[in-house]
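Here, each number is a calculation from the coordinates, and none is a lab measurement. Since this is a predicted model, take the numbers as computed values, not measurements. Positions of Cβ are backbone-derived with ideal geometry, glycine not excepted, and every protein chain shown enters the neighbour counts.
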2 protein chains.
Amino acid sequence: MAWLDGRPAAGLAVDDRGLAYGDGLFETIKISQGQPHLLSRHMARLGEGCRRLAIPCDEALLTTEIRAFAKALGAGVCKLILTRGSGLRGYRFPEPCRPSRLLIGAALPQYPEAHAAQGVALFPCVTRLAEQPLLAGLKHLNRLEQVLARAEWDDSRFAEGLMRDYSGRVIEGVFSNLLLVRKQRLVTPDLSRCGVAGVMRAEILFLAERAGLACVVTDVDLDDLYQAEEVFLCNSLYGIWPVVALEAHRWSVGPLTRKLQGLLANQTGIP
Amino acid sequence: MAWLDGRPAAGLAVDDRGLAYGDGLFETIKISQGQPHLLSRHMARLGEGCRRLAIPCDEALLTTEIRAFAKALGAGVCKLILTRGSGLRGYRFPEPCRPSRLLIGAALPQYPEAHAAQGVALFPCVTRLAEQPLLAGLKHLNRLEQVLARAEWDDSRFAEGLMRDYSGRVIEGVFSNLLLVRKQRLVTPDLSRCGVAGVMRAEILFLAERAGLACVVTDVDLDDLYQAEEVFLCNSLYGIWPVVALEAHRWSVGPLTRKLQGLLANQTGIP
């Protein structure tokens, strides 16, 4: 199931800049009972990306389309791709610029229940993230670093991979954000140089602060990670996975991780 | 005019990874008299990209298709986009992987003749290139940095923009490579951390060495650029443009730039 600019479509024009340059943004939205989860957070991040990349976006129209798509899909994932539209006369913005709005439906990925219950092992990716503040935080379509990182392991014992930047900082998972608990504080890497600022990360920081937990966004190195009392991953489709192993290091699934899983489960997830 | 996997097509599947992740490569090939220019150099760079990104590619089939496309197009530009093909189950490579081969025909861009004859002024781009050795040199589909850089100026007095990396090194133009002449040597920036290794750059280095000129690929900073006797840009569509101005600095169009323009003009360009 796919809609292009509000209508069913199987393909995108070959001269779309989303294909040519990765000139666009995406969101991966969980759908259940015909409703999109965390839609206002997805739209906020998309809007921020549109402002920083100067892509015009009718957010009200897009929101209406996503709600209608979710109703039609029922359950699964709605992948939204917003591109700058057609135009092949080089890198320069097309005038006029008519963005393409693509919604693609898919089934929810089937992850083992043990990932959330007993935790996962992280693969230590060799692929490093380049530091590019102009694009950091955005969920844009330039994702070759993630493609290369995900290709590093094929062993199902590793549910995710850990990505660092070229300075050695711990940044995120390949398709997840990373958080840790240290001295009763929730800590997550600063994403102003690289990384994707996930909507589930934002939701967890919101829930944690509302529950009275101190939250810190700062640089994190491997020592910080190894000294953490609890470590977990999150994304908008699976919620929270505790991390229990990275190379020779082991963590237990901790009480704050369990508490945040509980808070998330109590949310309808549908604002 | 567009062909997908050897057949006329107007669109690409919405689940193609070229769109979703920029998971692919491209080449911009000049066509005249029904023949592709510098095809062996384009195929060599594409092959290198395929090896580094682990995209399987039937180079013989692709070469045959490009030659047939060039014959049908007659004159203009053949934009080749090779993606990893369909697959939306996350960043992981699809199995089996069936790359998409897209050929798109267009007219040659119409640049003023004065650019090659009298030289151009460079816009000093604020957008910096991130250092990512894993992708450096490749003409991959992750091109948001170039999109942002090209959006910095709208003044037709600037034909191109100068891009530096975050360490301040001079790397390239937004859609060109950069070369300079210093003490009778041809110098061009090292592209092992970022930048696109252009086929025209390779052709010019080849022609220059064959003509007995010493060629050096090394790091270049702004001082090197300002102290150069000659500076020029190149790409596979327009050949060579002398650079005559960057901010307050002025260069003359020099004898080696003219000599290389002459050598290029004497090449048929069709190996």
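Could you grab the relative contact order for the stretch A:133-212? Cα pairs under 8 Å, six or more apart, rounded to a whole percent.
Worked out over the stretch A:133-212, it gives 33 percent.
Using a label point 7 Å beyond Cα on the Cα-Cβ vector, give me the inter-copy distances for residue B:59 in nanometres, one decimal, shortest first.
Nearest to farthest, the other copies are at 4.9 nm.
How crowded by other chains is A:24-30, given as the mean number of beta carbons from other chains within 10 Å of each beta carbon?
1
For the pairs B:183/B:259; B:139/B:259; A:30/A:79; B:71/B:139, flag any whose C-alpha to C-alpha distance is greater than 18 Å.
As for pairs spanning more than 18 Å Cα to Cα, those are B:139/B:259; B:71/B:139.
Around residue A:213, with a cut-off of 15 angstrom between Cβ atoms, what is the net charge of the other residues, counting Lys and Arg +1 and Asp and Glu -1?
Net charge around residue A:213: +3.
What does the helix-only formula give at 222 nm for chain B: each DSSP H stretch with n ≥ 4 adding -39500 (n - 2.57), the total divided by the residues, and the result rounded to the nearest 500 deg cm²/dmol?
Calculated at 222 nm, the ellipticity per residue is -8500 deg cm²/dmol.
Using a Förster distance of 25 Å, how high is the FRET efficiency between residue A:184 and residue A:206, based on the Cβ-Cβ distance and rounded to 0.05?
0.85
When ranked by the protection proxy of mean other Cβ atoms within 10 Å per residue, highest first, what sequence do the peptides B:211-217, A:96-102, A:80-86 form?
Descending mean neighbour count gives A:80-86, A:96-102, B:211-217.
If the rule is a partner Cβ under 4.7 Å, which cysteines in the protein assembly as shown fail it?
A:78, A:97, A:125, A:194, A:215, A:234, B:78, B:97, B:125, B:194, B:215, B:234
PRE reach from residue B:95 (point 7 Å along Cα→Cβ): which of the stretch B:1-45 fall under 16 Å by backbone N?
Label zone hits: none.
In whole angstrom, and with the biggest value first, how far do the Cα coordinates of chain A range along each principal axis?
Each principal axis gives a Cα extent; for chain A these are 53, 40, 35 Å.
Can you give the extra length, in nm with one decimal, that the chain gains between residue A:156 and residue A:192 once fully stretched, where that is 0.36 nm per residue apart less the Cα-Cα distance?
9.8 nm
Using the Cβ atoms and a cut-off under 12 Å, what net charge is assigned to the surroundings of residue A:256, where Lys and Arg are +1 and Asp and Glu are -1?
Counting the neighbours of residue A:256, the net charge comes to +3.
Would you tell me the mean number of C-beta atoms belonging to other protein chains that fall within 10 Å of each C-beta in A:125-135, as a whole number?
5
Before anything else, pin down the relative contact order of the stretch B:1-98: Cα pairs under 8 Å, at least 6 apart, normalised by residue count, whole percent.
39 percent.
Dimensions of the protein assembly as shown along principal axes (Cα, Å, largest first)?
73, 48, 41
I need the inter-copy label distances for residue B:110: point set 7 Å along Cα to C-beta, values in nm with one decimal, smallest first.
Values, ascending and in nm: 5.8.
Could you work out, residue by residue across B:6-13, how many beta carbons of other chains sit within 10 Å of that residue's beta carbon, and then give the average as an integer?
Taking all residues of B:6-13 together, the mean is 4.
Taking the Cα centre of the protein assembly as shown as origin, sum charge times position over the Cβ atoms of Lys and Arg (+1) and Asp and Glu (-1), and report the length of that vector in debye to the nearest 20.
Here the protein assembly as shown has a charge dipole of around 740 debye.
When the Cα centres of the stretch B:113-184 and the stretch A:34-54 are compared, how far apart do they sit, in Å?
Cα centroid of the stretch B:113-184 versus Cα centroid of the stretch A:34-54: 31 Å apart.
Once amide H atoms are built 1.01 Å from N in the peptide plane, which residues 5 or more positions from residue B:172, or in another chain, come under 5 Å H to H?
Sorted by chain and number, the residues that satisfy this are B:163.
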